[in-house]
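Undergrad: Please find one structure pasted underneath; my questions will follow.
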Amino acid sequence: MKKTLLGNYAASWGAQLSRAQVISAYPITPQTLIVEKLSEIVADGKLDAKFIKVESEHSAMSGCIGASATGARAYTATSSQGLALMHEMLHWAALARLPIVMTNVNRAMAPGWSIWADQNDSLSQRDTGWMQIYASSSQDILDSTILAYKVSEKLLLPTFITFDAFFLSHTLEVVDMPPIEDVDKFLPPYNPEYKLDVNDPRSFGALTSEEHYYEFRYKMQKAMEDAIPVIKEAGREYEKLTGRYYDLIHPYRCEDADLVLVTSGTIAETTNVAVDELRKEGKKVGNLKIRIIRPYPKEDILRVIQKCKKIAVIDRNISCGYHGIFAQELKSALYNEKEIPVWGYIIGLGGRDVKIEDIKNIADETLKNDTPRDLIWKGVKL
Amino acid sequence: MVIKFRTDGKGVKITGEKDMPPMPASLGFMTWNKTSSWRNVRPVIDYDKCINCFICWKFCPEPAIRIIDEKPVIDYDYCKGCMMCAEECPKDAIKMEEEGK
């Protein structure tokens, strides 16, 4: 069934179709609509779930942790400052190996107080052990939510789906909603081996000495490595159901490209249009959309860029003191493997619009230039 | 494979990560962690004064007071010397003695 949905509502319906059983959430712009809609869905009896209103995002994630530990399918949504407040519990959820699924709306960190798109919030959580999906359309948001539960519950790793504030969260797009019967077949009820159960008591997250802690980290890393084939397998199964395939990366016109632009989120969609225009001008440019940054799809990326001559990474984020985070990740993937010069561009921080012309400008500049640079500020008012 | 909770006070026998659950669950009790070395003062029960009310047993924040033959008995392997038992005893039957005497 096709519906016209805001990106935020695509997340709400994704949680509904996944039959989330516990929703523990706290409002924050630009995410609020997601949980507001879910509270309506629950109140209308369209989803058999417990909706817990909490007093902070730290508690929102704690509620999800408790629920997930009992074997319930848990969901929450947040953004920016809220995600930052959750930070402690994000580590907890991951190391307790609880397959919680969350939606984060990418919003700039304050101050200056901002509610607009910027990826620094989610990328600051890169090392917590959560899988991170950067969605670039409302359809992607809805499908990724269902896929995230499938993959998370198989690997016992939490996942968050994240997307740009307003450019996607508050934009209407046509979304194809799969029938819930199909989703039920794809995503059976969650039934973990280890759970909190009064009839089968066990300790959970108790004091763990160095004798065991090290091995738990090892197992978590193994699960992340296993995630790459599991994500692809789930993607193919979902494709059979809906005709839509989701991979860790989505290359566009990269096969014969001299220059590959590396993008994520809504900028990736803009870049696809820019690539078409650049191709018409005879410039061999491709776009490599990174959909998932953890686990990092290194091998897939190396396959796509193996023949290109230059790479330009476009980051809507910055690790101050170094440079763009996607650029850092890409360069570390290339090291010891390929010698391809990389240009790192920063653009669109705090929700500044990124236009097709901006992307074309980046491509032209990189094609003309022969000295790669880690950090190039695009559009900064000097 | 689900590793079962052990009730004999011994942790799960683990030789490597393959024997371990994915998360820190069911690793057994903390009884291997004997906390007696934390103690500066030790509680000593005067059984002539003790009325077997077990208030000390209730208040002990560690499993360091056990009931043996209907009497409270201090387990010096785990007592951290917090003095709560002596403080709460209604008959002043528990005296704190300096360790190392």
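The values are calculated or read from the model by the stated rules, or taken from the named source; none is laboratory data. For clarity, every value in this text was computed on a predicted model and none was experimentally measured. Note that each Cβ is placed from the backbone with ideal geometry, even for glycine, and that neighbours are counted across all protein chains shown.
Undergrad: From the residues in region A:90-130 that are more than 16 Å from the chain's Cα centre (by Cα) and within 21 Å of residue A:150 (Cα to Cα), which one is surrounded by the fewest Cβ atoms within 10 Å (Cβ to Cβ)?
TA: Taking the candidates together, the pick is A:91.
One line per residue, one yes/no per condition, for (1) at the interface with another protein chain (Cβ under 9 Å from one of its Cβ atoms); (2) exposed (fewer than 15 other Cβ atoms within 10 Å of the Cβ); (3) part of a loop (DSSP other than H, G, I, E, B); (4) touching a residue at least 60 places away in the same chain (Cβ under 8 Å):
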position: A:192; (1), (2), (3), (4): no, no, yes, yes
position: A:202; (1), (2), (3), (4): yes, no, yes, no
position: A:208; (1), (2), (3), (4): yes, no, yes, no
position: A:211; (1), (2), (3), (4): yes, yes, no, no
position: A:229; (1), (2), (3), (4): no, yes, no, no
position: A:234; (1), (2), (3), (4): no, no, no, yes
position: A:247; (1), (2), (3), (4): no, no, yes, no
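Yes/no matrix, rows are residues, columns are (1) under 20 Å from residue B:92 (Cβ atoms); (2) touching a helix residue (DSSP H, G or I) at 6+ places or on another chain (Cβ under 6 Å); (3) polar (S, T, N, Q):
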position	(1), (2), (3)
B:41	yes, no, no
B:48	yes, no, no
B:53	yes, no, no
B:59	yes, yes, no
B:62	no, no, no
B:66	no, no, no
B:69	no, no, no
B:75	no, no, no
B:78	no, no, no
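The rows are residues; the columns are (1) charged (D, E, K, R); (2) surrounded by fewer than 21 Cβ atoms within 10 Å (Cβ to Cβ); (3) in a strand (DSSP E or B).
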residue: A:24; (1), (2), (3): no, no, yes
residue: A:27; (1), (2), (3): no, yes, no
residue: A:83; (1), (2), (3): no, no, no
residue: A:88; (1), (2), (3): yes, yes, no
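Undergrad: Let me ask something additional. Only one of A:367, A:330 is more than 25 Å from the chain's Cα centre (by Cα), touching a residue at least 40 places away in the same chain (Cβ under 8 Å) and buried (at least 16 other Cβ atoms within 10 Å of the Cβ); which? Quick ask: steps written out before the conclusion?
TA: On the way: A:330 fails: more than 25 Å from the chain's Cα centre (by Cα).
Selected residue: A:367, the only one of A:367, A:330 that is more than 25 Å from the chain's Cα centre (by Cα), touching a residue at least 40 places away in the same chain (Cβ under 8 Å) and buried (at least 16 other Cβ atoms within 10 Å of the Cβ).
Undergrad: Let me ask you something else. May I ask you to say which residue of A:15, A:69, A:43 is over 18 Å from the mean Cα position of the chain (by Cα) and touching a residue at least 60 places away in the same chain (Cβ under 8 Å)?
TA: A:69
Undergrad: Among (1) surrounded by fewer than 16 Cβ atoms within 10 Å (Cβ to Cβ); (2) more than 29 Å from residue A:209 (Cα to Cα), where does residue B:59 come up short?
TA: (2)
Conditions (1) outside any loop (DSSP other than H, G, I, E, B); (2) of a type in the set (A, V, I, L, M, F, W, C); (3) under 13 Å from residue A:267 (Cα atoms); (4) assigned by TED's automatic domain parsing to the domain that holds residue A:124, marked per residue:
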| residue | (1), (2), (3), (4) |
| --- | --- |
| A:313 | yes, yes, yes, no |
| A:322 | no, no, no, no |
| A:327 | yes, yes, no, no |
| A:333 | yes, yes, no, no |
| A:350 | yes, no, no, no |
| A:366 | yes, no, no, no |
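Undergrad: Can you give me the number of residues within region A:173-212 that are in contact with a helix residue (DSSP H, G or I) (Cβ under 9 Å, 6 or more places away or on another chain) and of a type in the set (Ser, Thr, Tyr)?
TA: 3
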